[in-house]
1. When the helices in the chain are scored as -39500 (n - 2.57) per DSSP H run of 4 or longer and the sum is shared across all residues, what 222 nm value do you end up with, to the nearest 500 deg cm²/dmol?
2. Gap in Å between the Cα centre of segment 136-210 and the Cα centre of segment 57-104?
3. Which residues' amide hydrogens lie under 5 Å from the amide hydrogen of residue 146, considering only partners 5 or more residues apart or on another chain, with H built in the peptide plane?
4. If you line up the Cα atoms of segment 15-156 on their principal axes, what length do they span on each, largest first, in Å?
5. Just need the relative contact order of the chain here, percent rounded to a whole number, with Cα pairs under 8 Å and 6+ apart.
6. Would you mind ranking 203, 82 by Cβ crowding within 10 Å, fewest neighbours first?
7. For residue 205, what charge total do you get from the other residues with a beta carbon under 10 Å from its beta carbon, if Lys and Arg give +1 and Asp and Glu give -1?
8. For the modelled label position 7 Å from the Cα of residue 172 along Cα-to-Cβ, which residues of segment 23-44 have backbone nitrogen atoms closer than 15 Å?
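Derivation of every value follows stated rules applied to the coordinates shown; laboratory data play no part. Keep in mind it's a predicted model, so treat the numbers as computed, not measured. Quick reminder, even Gly has a Cβ in these numbers, built from the backbone with ideal geometry, and neighbours come from all protein chains shown.
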Amino acid sequence: MPEGCCAPEGRAGDGFDLAILGGGSAAFAAARTATQRGARVLLVNEGPIGGTCVNVGCVPSKTLIRAAENHRAHGLSRFRGLEAGPGRVDFAELAREKDALVAHLRRAKYLDVLAGLPGVQWIDGRGRLAGPHELEAAGTRYRADKVLIATGTRPARLPVPGLEDPGVWDSTRALAATRLPRRLVVLGGRYVALELGQMFARLGSRVSIV
């Protein structure tokens with residue numbers, strides 16, 4: 001099944017055993033389990049298939065974190081008699097490598113899996129609940145005995161003036177960066193803040209955690 005394809009146009013009377021809003025790991029686990037039990041499944045997803053982990057979470061962050069760890073390790077020496085240098089960081093190339101891995105896993109773990117689930121009809125677009133046992137997607141209403149909402153997560157938008165300015169990142173924007181900032185202020189001290197702050201610091205940014 002090619003990326004970006006949509007299901008053929010349906011009618012309000014077309015029925016499914018299960019309709020799923022979302023296209024991440026939870027949605028795919030549900031779709032696979034349902035089809036194994038003979039169910040007819042409608043999967044509606046807006047945006048890149050694969051959900052948070054593959055696209056804007058675990059895969060891109062851990063790829064860059066491991067790169068930063070590797071860079072730091074090669075810039076240190078465990079022996080007083082040996083010198084080690086930090087080396088050069090080509091952040092744009094790191095970003096391209098990260099994006100290539102994301103694209104590969106999106107296809108291998110999701111699009112190729114979807115192609116092997118003949119009981120699943122996929123619509124690439126926004127879906128919404130339209131009534132009892134009904135949802136609307138791509139301008140068409142579909143009926144389903146059950147509806148699973150598996151729409152994932154996104155960074156919280158705090159009511160702080162200036163957060164919409166171009167120079168302000170959330171975690172998604174940070175992981176999509178193609179240049180290494182000279183200075184970075186990280187607001188927050190939980191795991192996402194510390195992981196990304198550490199990563200940028202090890203690659204050469206001057207990072208302040210607030």
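1. That calculation yields -10500 deg cm²/dmol at 222 nm.
2. Taking the Cα centre of segment 136-210 as reference, the centre of segment 57-104 is 21 Å away.
3. Counting only residues 5 or more places away or on other chains, the set is 18, 19.
4. Principal-axis extents of segment 15-156 (Cα, largest first): 73, 31, 21 Å.
5. Working: 320 pairs, mean separation 62.0, N = 210.
It rounds to 30 percent for the chain.
6. Numbers: 203 20, 82 8.
Taking fewest neighbouring Cβ atoms as first place, the list is 82, 203.
7. On the way: positive: 182, 183, 202, 206; negative: none.
Local charge sum for residue 205: +4.
8. What the label zone holds, given the 15 Å backbone N cut-off, is 23-24.
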